[in-house]
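> Below you will find the structure I want to go over with you.
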Amino acid sequence: MADVRKLVKSVNTHLQWIAILKCFLLGLATHLLADIFLKDSPWLSSAVGSIGWLIGIWITRAFRDKQKAAIALIHSYNEDAEYSLDLFDRNDLNIAEQMQLERIEARIITFPSRILYRGIWKYFGAVVLAAFIYHGVLDMRERKVAQEKPVSALKPVKRISGQVIPKFESSAVKIVPPGYTGLPEKKSDDLNISAIVGSVVEWSVWFENPEHLSVRIANSRGEEVNLKEQHGVFKYADRVSGSGLYSIKGYFRDSLIYQSDFYKLEALPDLAPRIEPGSKELYRYHFLKDPQNITVSAKISDDFRVKQAFIVATVARGSGENVKFREIRMPLSPADFKEADIRKTIDLKALNFTPGDELYYYWAAIDNRQPEANFSKSDTYFVVYKDTAKVEEVELATMAVNIMPEYFRSQRQIIIDTEKLIARRKKLSAKEFKATSNEIGFDQKILRLRYGQYLGEEFETTIGGDTHGAAPDGDGNPAGDNGNIIDAFTHHSDGQGEGAREPAHADVHAHEHEPAGEKDPLAALMEQYTHAHDDAETNTFYEQSTRSLLKMALEQMWQSELHLRTYEPEKALPFEHKALEYLKTAQQKARTYVKKSGYDPPPIKEKEKRLTGELKDLATKWDFEKDFNQKQTAALAAALLGYLEKNELPKGEQAKRVALSAEIAQRLTESGPFNGGLQNWNMLAALQKLAAGRALSNAEMTGLKRDLYQQSNAAWQSRPSWSGEKKLEAAFRKALRNASLRF
Amino acid sequence: MIDTDFNWTEPLNILLLVAAVALLALQCWLLFARHRNAGRFGTRLVFNGLLWVSLLTWLFDPYFQSNAGSKTGLLIAGNVPSGVAGRLRDSLAGAELLRADEIAGRPVDTLVIVGQEFDEKVFASIRQLKNMPVLHWKPWFAADALRNLQWKGVLRKGEMQRIEGGIRLSEKKTLQVRYAGRTLDSVMLNAGENRFRLAFPTFSEGRTTATIDLDGRTIDTLRFFGQPGQKLTVSFLLDNPDFETRNLATWLGKQGHSVLYASSLSKNIRSKLNINRAAEPDLVVTSASNAADAAVKKAVNAGKSVLFLQLDDPVTDLRAINNALGTRFQSVKISNEESVTVSNSLTALPFRFEASSFQLQAPHYPVVTEKTTGKIAVSLLNETFPMQLSGDSIAYGKVWNEILAYARPAQAPVIEWDAPVYQNVPVTVHLNNFQPVPRFLTVGEDTVSTIVSALNDRSAAATFLPENNGWLGLHDSLQTELYVQDYSPLRHASRMQHFILSTQELDATTGLKDDAVSTRRLPGWAWFTWLMLCLAALWIEPKL
């Protein structure tokens, strides 16, 4: 009985272990498969592997009691068991069952254990297949990598005892552009690099027997950086920041054993966004009747992506010194695009754009360059809101009638008006006549005030009116003719009238007579040094005679105003004429003064004067020597062109060719990128090759010739010349001249 | 047509004629004197006259020319298309078509050769004919193939290389001359026969290879040798230093020329600047006021050049130059402005030069040269240095390079030949201004003797037949090299041309014959018989 029980138990255990094995195999297969695709993230692949494991547990129902399955299996292979092995599990057996159990237990039940392992091959197969796939893919990948590097690099190099000089095998370069560009990573074995600024470049160089070897990257100026060895591969990685030429050098125990050609390292700049506004009109007017929205459009693009575009608008308000600015930044949608036509409606109302205001706006955009974005902006556009309420002087000038004289008339005009008034006296009513006369009088007053300002008279009362101190000159002053009564009245009444409004009248005069001590002491001190322009007596705008002339004219104006105001234009007329005369005289005086200021030096007689100076202490001999040793690049290029056609050169010429190419290459590198120097990679590389004494390929040769031709500045410099026998030539020339004279 | 070779200029012939006239007179006198009354006077007169005329005719020895009997052969090259050959055969009625190997067997009077691609043997067999036929060559070139191509085999750097030739085109095409893929010059040609001329300044020193491309397809290769340009020694002779000449002197110095810059600073004070160790000047640059200066005259007499700059008043200044140096410059006022614009930032005095056959004007600038013993050049340009100050040194160089090209004195030594040079076709190398003229010229491994020109003792020529192809060194001081072409479609034409010329040289005494004609003369025995008959008649007649 124990045997049968033991058998069932052992089958059960077997089944369980096999299930676990199956789970494990399935898990392994899944893991391998996952590993192929998720090689770089072991966590993820193990997660996928454990999913396979779980699937296996689910399929095989491992970790569960398999007794039933075991019994079923034994039943199916042992007819002796008579399908009664289930009875072992029961506790309360009836008689028949017990008897059956005993019957069975008496029998020897055998079970071929190999049946248990049936079907497991599938799992093994899965694992083997997965392993195959895994290795196959890995192999393929490695082969791909091997294409980049030589086969021998993958093979372990046989170590030979003794000193073995390393040998260059191959090199490769990996360029990883900055993430924001979205450009793919690039691997290549062409060491000529063109990459966006900021790209990471990784050089890998393989050498045979890389012991005691140091590999360096050298630029054209001879500066070097070391490459680090990692498992037989020399690597160096750096970020591209500028252009240049470089070569790879291998040093073995301090001696240079390998030098590559010069390769170019070209840093391509990430260009700033390009903005093409739709409108070319930079300056325009906005009128009241125009719509309050202006729509502007622009095409914005970038070589990678435009991160954000916006319009920056500035509203300027006010004029003169009182201008206020308000800047508004309007981001535009869409953002983050490569190329877009953007339209934007600017709401002028929202900007509080009112007549007289000006709006300046420009487009701006930044791209997605990192760490610093490129910024670009368009021209600035101007929108000017026309203020139609403001009258501009330009408009006034074009008007048929000049309205300016309404409030500022000339003395001549006053005379004309007065004469007109006298002529029309009979036609006009008395009231009208008086009104007009009064108006002309007012004009006369305005004019008087105007001229008074020129004399520095601030207050109306002092303008032309102050003759208290001045001696009355009888013949010059027509007022004298009219009698002293009117004269006295004029001053008195006006003085009173104006004085009522301008109480300062008395004070002004008081100033002059005030003793300095009574004043503010500082003011008194200052007075001695400052210039009182606002005082008619002391101002120095005009010289004495001009000022007195003007003063006299003002006095005449006073008189004329008086008569006009008293409705006596006839009496006013002589004063007006006199005033005009004085004004004109004053003007003339000012003019003649200006005219005197010119000075014409007498002309120098060059031929007489030249070389007549005193030469006592002067050296008489001036000899200099100068040498231009350096040949021009054009001449060097022309000379090198001649050497290019020759395939085999004698030693001396070879040295010349090497020297020439080295010199030209040197000059090119030094001439900088803007003079066609450093950009000319191919030419530089070819020249370096020539300088190193190596042969050029056909394409390189053609390219070099083309570039050198350009450098040689081909120009017409000479004509074929032929010299002849002198006498013969002279005779020929004579005949030629005579012949040409005859025609 | 009756013809005679009687040479009237020969005194003996005239004497013979006089004798003949005398004979006639004698005959007539004898006849009249003795036989006036004879019965058959008329008959005797006729006989006498006949004898005299016969004698005279014998003296003149007339012959008849007729083409009728002349045999024409037609030899057509293998590459001539049958259409062309057929047309020629139709136009040459009665011409026999010969094969190349039949020439020896079928002698002809005139041989018309069509095309040029024949074997060397053909030339030999024509040469070896007993009666050399008159040769007519009608070259034949395929469409779009170059013909009569010619360029200079050797040039100085900076000299214009000129390529001339002809081509028959089937359609409108562009012909370019290119160097390393860069077009140096091009010309657009119409369909049909074209003559073309391409030119570009020589830019290299040494062997140079350019190609001729027709619509981008290379159809021929040019090889020429560029000699280094000759450096000048320029002497400035000035009354006062100024920026224009100073700048020019510096520029010349930078170009590698030597300059001697002399100017008076003040009374008895002269400044001298020597750039690049100048010695004897090749070119004197001065102003018109120095035209009569001894240094200027000396330079002109030595065959050097003088360049006059910065004229104030062209009319008086030119008169001064003319008086001093014997030139005939004449100027005409063209504008009332102070100056006229020549190009951007370049102005000139408002004058132009009167053109004359013995003066040479620069094409782009108002500069004229006249050759007396030396070259005299006058420039009407105002200041040129603003160009350089404004950064346009290329334009500045262009102006002065062109002026110097015209003002330069004759270079020494000059060697020239026309390219292409073909293997086994003779080539003549011209030498000029060698001092002294070399007696021999070494070309490759050959030595060729030179022949000095009878007219110009400074010129010489050397003709030789190159046997090796490729670059041949001339072993002269400039290490010039000559390129001999091995194969070119034009080589056949060149060889044929040379062959035709060489056959015609044989007839140099009688001039070139246009056509083969058979001449018929009365043979000697006939003359003898006839004259005997005449004499016999005269002798027998009185006996009867």
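The values are calculated or read from the model by the stated rules, or taken from the named source; none is laboratory data. What you are looking at is a predicted structure, and each value in this text was computed from that prediction instead of being measured. Here Cβ is always computed from backbone atoms with ideal geometry, including for glycine, and neighbour counts include all displayed protein chains.
> How many residues does region A:685-743 contain that are more than 27 Å from residue B:460 (Cα to Cα) and of a type in the set (Gly, Ala, Ser)?
Within region A:685-743, residues that are more than 27 Å from residue B:460 (Cα to Cα) and of a type in the set (Gly, Ala, Ser) number 14.
> Among the residues of region A:702-735, which ones are part of a helix (DSSP H, G or I), touching a residue at least 40 places away in the same chain (Cβ under 8 Å) and facing chain B (nearest Cβ under 7 Å)?
A:705, A:709 - these are the residues of region A:702-735 that are part of a helix (DSSP H, G or I), touching a residue at least 40 places away in the same chain (Cβ under 8 Å) and facing chain B (nearest Cβ under 7 Å).
> What are the residues in region B:244-257 that are surrounded by fewer than 19 Cβ atoms within 10 Å (Cβ to Cβ) and facing another protein chain (nearest Cβ under 7 Å), if any?
Scanning region B:244-257 gives B:254, B:256.
> Okay, next question. When you scan region B:454-470, how many residues do you find that are more than 16 Å from the chain's Cα centre (by Cα), within 14 Å of another protein chain (Cβ to nearest Cβ) and assigned to a strand (DSSP E or B)?
Summing the residues that are more than 16 Å from the chain's Cα centre (by Cα), within 14 Å of another protein chain (Cβ to nearest Cβ) and assigned to a strand (DSSP E or B) in region B:454-470 gives 1.
> Taking region B:397-419 only, how many residues are touching a Gly at 6+ places or on another chain (Cβ under 8 Å) and either of a type in the set (Phe, Trp, Tyr) or more than 7 Å from chain A (Cβ to nearest Cβ) (or both)?
Counting residues in region B:397-419 that are touching a Gly at 6+ places or on another chain (Cβ under 8 Å) and either of a type in the set (Phe, Trp, Tyr) or more than 7 Å from chain A (Cβ to nearest Cβ) (or both) gives 5.
> Which one is farthest from the chain's Cα centre (by Cα), of the residues in region A:55-68 that are surrounded by 14 or more Cβ atoms within 10 Å (Cβ to Cβ) and aliphatic (A, V, I, L, M)?
Looking at the filtered set, the residue picked out is A:62.
> Here's something else I'd like to know. Taking the options A:738, A:682, name whichever one is at pLDDT below 80 and part of a helix (DSSP H, G or I).
A:682
> Let me spell it out: the conditions are (1) farther than 30 Å from residue A:633 by Cα; (2) at the interface with chain A (Cβ under 10 Å from one of its Cβ atoms); (3) in a loop (DSSP other than H, G, I, E, B), and residue B:312 meets all of them except one. Which number is the exception?
With respect to (1) farther than 30 Å from residue A:633 by Cα; (2) at the interface with chain A (Cβ under 10 Å from one of its Cβ atoms); (3) in a loop (DSSP other than H, G, I, E, B), residue B:312 is out only on (2).
> For residue A:669, are the conditions met, namely being at the interface with chain B (Cβ under 7 Å from one of its Cβ atoms), among the β-branched types (Val, Ile, Thr) and in a helix (DSSP H, G or I)?
Spelling it out, it is not the case that residue A:669 is at the interface with chain B (Cβ under 7 Å from one of its Cβ atoms), among the β-branched types (Val, Ile, Thr) and in a helix (DSSP H, G or I).
> I would also like to ask the following. Of these, A:306, A:315, which one is more than 20 Å from the chain's Cα centre (by Cα), touching a residue at least 40 places away in the same chain (Cβ under 8 Å) and surrounded by 15 or more Cβ atoms within 10 Å (Cβ to Cβ)?
Exactly one of A:306, A:315 is more than 20 Å from the chain's Cα centre (by Cα), touching a residue at least 40 places away in the same chain (Cβ under 8 Å) and surrounded by 15 or more Cβ atoms within 10 Å (Cβ to Cβ), namely A:315.
> Return the residues of region A:613-639 that are facing another protein chain (nearest Cβ under 8 Å), of a type in the set (Lys, Arg) and outside any strand (DSSP E or B); say none if nothing qualifies.
A:631
> So, one more: Hey, any hits in region B:328-335 for a residue that's more than 14 Å from every other protein chain (Cβ to nearest Cβ) and part of a loop (DSSP other than H, G, I, E, B)?
yes
> Got at least one residue in region B:289-303 being over 36 Å from the mean Cα position of the chain (by Cα), more than 14 Å from chain A (Cβ to nearest Cβ) and surrounded by 21 or more Cβ atoms within 10 Å (Cβ to Cβ)?
Within region B:289-303, one or more residues are over 36 Å from the mean Cα position of the chain (by Cα), more than 14 Å from chain A (Cβ to nearest Cβ) and surrounded by 21 or more Cβ atoms within 10 Å (Cβ to Cβ).
> Does residue A:681 satisfy being crowded, with 17+ Cβ neighbours inside 10 Å and more than 8 Å from chain B (Cβ to nearest Cβ)?
When the stated conditions are applied, residue A:681 passes them.
Residues are listed down the side, and each one gets a yes or a no for (1) closer than 30 Å to residue A:416 by Cα; (2) modelled with pLDDT under 80:
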| position | (1), (2) |
| --- | --- |
| A:563 | yes, no |
| A:566 | yes, no |
| A:584 | yes, no |
| A:594 | no, yes |
| A:619 | no, yes |
| A:624 | no, no |
| A:647 | no, yes |
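> Name the single residue that is surrounded by the most Cβ atoms within 10 Å (Cβ to Cβ) among those in region A:428-441 being without any contact (Cβ under 8 Å) to a residue 60 or more places away in the chain and in contact with a helix residue (DSSP H, G or I) (Cβ under 9 Å, 6 or more places away or on another chain).
A:436
> Given the criteria farther than 30 Å from residue B:294 by Cα and touching a Leu at 6+ places or on another chain (Cβ under 7 Å), does residue B:226 qualify?
yes
> Would you check which residues across region B:258-273 are at pLDDT below 90 and either out of contact with any Lys or Arg (no Cβ under 7 Å at 6 or more places or on another chain) or more than 9 Å from every other protein chain (Cβ to nearest Cβ) (or both) and list them?
The answer is B:262, B:263, B:265, B:266, B:267, B:268, B:269, B:270, B:271, B:272.
> Further question on the same structure: Can you tell me how many residues within region B:372-396 are within 13 Å of chain A (Cβ to nearest Cβ) and crowded, with 19+ Cβ neighbours inside 10 Å?
Residues in region B:372-396 being within 13 Å of chain A (Cβ to nearest Cβ) and crowded, with 19+ Cβ neighbours inside 10 Å: 5 in total.
> Identify, by number, the condition in (1) in contact with a helix residue (DSSP H, G or I) (Cβ under 7 Å, 6 or more places away or on another chain); (2) modelled with pLDDT of 80 or more; (3) under 30 Å from residue A:247 (Cβ atoms) that residue A:184 doesn't meet.
Here residue A:184 meets the rest and fails (1).
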